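Derivation of every value follows stated rules applied to the coordinates shown; laboratory data play no part. Note that the structure is a prediction, hence the values are computed from the model and not measured. All Cβ positions, even for glycine, are placed from backbone atoms using ideal geometry, and neighbour counts span all protein chains on display.
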Amino acid sequence: MINKEDLKYPFIILFCLFFLVIFHIWFSSKVEEEHWKKPTPIPDSLDNIYNWPPNVNYLGTPIPDNQGMDPFRKKIIEDYKIFMEKRRNVYDEWKKQNWDK
């Protein structure tokens, strides 16, 4: 026999789905069909928040004239390139030893 407690959650779910369908019917009746057929309006000026004036960063502060990288970062990038070159060489040697047999 089915208990009342076992039917509690399915009834709640059915009620929510019913309410969702009724709301969708009501909401879609408020929007006219002609409105859906219209093309999407294109604004006269595109206000792109990612376009900044020249020589200004995204915070609005001026960009300094000297855009050189500091020596610490240059050294890190050079070390990384050297490390990757060594790694590539080790892989090439391993590949030659194991695949050329």
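Some observations on this one:
- Extended-chain gain in nm, criterion 0.36 nm per residue less alpha-carbon gap, Glu78 and Lys95: 3.6 nm
- Residue separation of Phe18 and Val56 scaled by 0.36 nm, minus their Cα-Cα distance, works out to 8.3 nm of gained length.
- Charge tally around Tyr80: other residues with Cβ under 12 Å, Lys/Arg +1 each, Asp/Glu -1 each, net +3.
- FRET efficiency, Lys30 to Leu7 (Cβ-Cβ, R0 35 Å, nearest 0.05): 0.50
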